[in-house]
Amino acid sequence: QVQLVESGGGLVQAGGSLRLSCAASGTIFSISGMGWYRQAAGKQREWVATITSGGSTNYADSVKGRFTISNDNAKNMLYLQMETLKPEDTAVYYCKFWRTGRADYWGQGTQVTVSS
C-alpha cells in the first residue's frame, strides 16, 4: 500500500503562486508514474499534470506554462508549483501514484482557492 498526503493549499489572489506537496509513505516501489488532478465544485475530477518514473512530464493545456510538476525520489515527495494562478484554478487538488495495470493510490486532497 502507498499512503499519500497533500499539503500546501490555501487562499491566494489571482496572479499569485502556490506550491503543493504530496508526501508518500508505505510500500513505494515500482511506481510507474505520479500526477496531480483537481476537482472543482460541481465538476468532474480532471487531470492536471503527470511525471513518469523516467522523468517525462505532461500538462493539461489549461495549466501548461504556469504549473510545474516535479518529484524528489529520495524524499518520496511530489510537488506542483503553480504560478500566475487564476480563479478557474480553484479546486481540490489530489495527488496520485500508480503502478500501471496494478493499482492507483490517491491522497485526500488539498483545497486551492484563487480569489479575483
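The values are calculated or read from the model by the stated rules, or taken from the named source; none is laboratory data. Since the structure is predicted, the reported quantities are computational estimates derived from the model, not experimental observations. Every residue, glycine among them, receives a Cβ derived from its backbone with ideal geometry; neighbour counts consider all protein chains shown. All accessible areas refer to the heavy atoms of the entire protein, side chains included, with ligands and DNA or RNA removed. Shrake-Rupley method; radii C 1.70, N 1.55, O 1.52, S 1.80 Å.
Some observations on this one:
- Those strands (runs of 3 or more DSSP E) of the range 26-116 in which 1 or more residues are farther than 18 Å from G9 by Cβ, of a type outside the set (K, R) and open to solvent by less than 50 Å² (accessible area, probe 1.4 Å) occupy 33-39, 46-52, 57-59, 67-72, 91-99, 103-106.
- Evaluation of Q108 against (1) at pLDDT 95 or above; (2) out of contact with any strand residue (DSSP E or B) (no Cβ under 6 Å at 6 or more places or on another chain); (3) farther than 24 Å from Q1 by Cα (one fails), failing number: (3)
- Number of positions in the range 5-25 that are among the small types (G, A, S) and part of a strand (DSSP E or B): 6
- Scanning the range 47-77 for residues that are within 11 Å of the chain's Cα centre (by Cα), closer than 18 Å to G107 by Cα and of a type outside the set (A, V, I, L, M, F, W, C) turns up T50, S70, N71.
- If you go through the range 1-22 and keep only what is open to solvent by 40 Å² or more (accessible area, probe 1.4 Å) and among the small types (G, A, S), you end up with S7, A14, G15, S17.
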